[in-house]
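Q: Can you keep this structure in mind? I'll have questions shortly.
The values are calculated or read from the model by the stated rules, or taken from the named source; none is laboratory data. What you are looking at is a predicted structure, and each value in this text was computed from that prediction instead of being measured. Heads up, the Cβs are rebuilt from the backbone with ideal geometry, glycines too, and the neighbour counts pull from every protein chain shown. Just the protein is used for accessible areas: all its heavy atoms, side chains included, with ligands, DNA and RNA removed. Shrake-Rupley method; radii C 1.70, N 1.55, O 1.52, S 1.80 Å.
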Amino acid sequence: MSSEELFYTIALSRMMGFNSAQAILLYRELGGGKAVFEQSSNIADALPGISPRIVATLKNWDDALHRAAAEMEFVTKSNIRVLTLADADYPRRLSECPDAPLVLYYKGNADLNRPYVIDVVGTRHCTAYGQDVVRRFIADLRQLCPEALVVSGLAYGIDICAHRNALEQGLDTIGVLAHGLDQIYPPRHRDTAAAMVAHGGLLTEYVSQTQALPNNFRQRNRIVAGISDATILVESAYKGGGLITCRIAQEYGRDVFAFPGSIDMPYSEGCNRLIRNNTAALITSAADFLESIGWQAVQQRPKVIEPQLFPSLTDDEQQVVSLLKQTNDLQLNMLSVKTNIPIGQLAAILFSLEMKSVVKPMAGGTYHLLQ
């Protein structure tokens, strides 16, 4: 694509704002951003039936052209790729969605059209349970489907947990942002974002100097869902952004999966409700997911034999681990009652398990199984 065509396409995207469907209609029907600009004075003749509001919007391009010129300079200096619907590298899954962005800004090296793309979403207030689910899922996914691309929104909680575990496991990961690529929100995720540029990338529909406003996050969710084959919800309260992503994925005809949680856990309520209503398939592992979506047969990979989790435990340590596997997150006194081990002796056992990275002490004297 010529720089001139790209310039006018950015300007058109800027003018249309969140009206992606109309922007795509204009772009496709008239043959590009420059063509829309050249026919903007008689757009009603070129596209009979177009809304009067769009006709009025296209009468003044001055601000949009000025902003497009500044953005062209910014992306060139910042080594950012601009992807339009006409580009082969534009995410093909997203291009099938009726409200796909006309323009995307991308900084990274991962192929956005990988054969296997999933997004992992959930609450920003994830629990130790949610963190463990993500860690195990990503680790197993690395073994079973190493070509998978992991997508999320770089937010607190499940999002950043998914990105960091993907990086740790050597999987490429994409962060979809609710602002321009001249900043990172939240700022404390800058180091992770920098690592993702080298092992995945950062993607947004927003020009530089766009702030992370609340509505932008809702718009961002459609890109997270749209570029993926499947959405995986790990933890969610009764309401939350993860549920919005799931709803959008369903509207796009994509698969939605959810990890169940305890009925007493507020951040499992959203997952359990989706499963109950048959709007998400229940999964408990990466193997479950691959079997449900049908990727296992495609890969034809040798079966992974799971090693013994705790090969060096004493009998007393194994007793504690077995109990925590049945009912995780128990307090010291309850562990003592259920195992019939005196508290003094039990404290020493738990300390040994902590040193072996098998359990983790939590607030209120509670112990959590890590594996």
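Q: Only residues in region 252-263 that are over 17 Å from Arg92 (Cα atoms) count as the first member; pair them with residues that are part of a loop (DSSP other than H, G, I, E, B), Cβ under 6 angstrom, at least 6 apart or cross-chain, and list the lot.
A: As it stands, the answer is Val256/Ala280; Phe257/Ala280; Phe257/Ile283; Ala258/Ala280; Phe259/Val234, since those pairs meet every condition given.
Q: Still on this model: Please go through region 211-233 and pick out each residue that is assigned to a loop (DSSP other than H, G, I, E, B) and under 12 Å from Ser152 (Cα atoms).
A: Within region 211-233, Ile227, Ser228 qualify.
Q: Return the residues of region 234-289 that are touching a Ser or Thr at 6+ places or on another chain (Cβ under 6 Å), open to solvent by 20 Å² or more (accessible area, probe 1.4 Å) and not in a loop (DSSP other than H, G, I, E, B); say none if nothing qualifies.
A: Answer for region 234-289, where residues must be touching a Ser or Thr at 6+ places or on another chain (Cβ under 6 Å), open to solvent by 20 Å² or more (accessible area, probe 1.4 Å) and not in a loop (DSSP other than H, G, I, E, B): Leu243, Tyr267, Ala281.
Q: Continuing with this model, one more query. Filter region 95-112 down to the residues that are of a type in the set (Asp, Glu) and touching a Gly at 6+ places or on another chain (Cβ under 9 Å), then identify the one that is most open to solvent (accessible area, probe 1.4 Å).
A: Here the residue is Glu96.
Q: Name the single residue that is farthest from Ala110 (Cα to Cα) among those in region 155-170 being surrounded by fewer than 24 Cβ atoms within 10 Å (Cβ to Cβ) and not polar (S, T, N, Q).
A: It comes out as Tyr156.
Q: So, one more: Being in contact with a Lys or Arg (Cβ under 8 Å, 6 or more places away or on another chain) and modelled with pLDDT of 85 or more is the filter here; which residues of region 320-366 pass it?
A: The answer is Leu323, and nothing else.
Q: Which ones in region 61-94 are farther than 17 Å from Phe7 by Cβ, of a type in the set (Gly, Ala, Ser) and either modelled with pLDDT of 95 or more or in contact with a helix residue (DSSP H, G or I) (Cβ under 8 Å, 6 or more places away or on another chain) (or both)?
A: Passing the criteria: none in range.
Q: Another question about this same structure. Considering Cys126, Cys145, which residue is in contact (Cβ under 8 Å) with a residue 60 or more places away in the chain and open to solvent by 10 Å² or more (accessible area, probe 1.4 Å)?
A: The unique qualifying residue is Cys126.
Q: Something else: I'd like the full set of residues that are polar (S, T, N, Q) and either touching a Cys at 6+ places or on another chain (Cβ under 7 Å) or open to solvent by less than 40 Å² (accessible area, probe 1.4 Å) (or both), limited to region 71-94.
A: Ser78, Thr84
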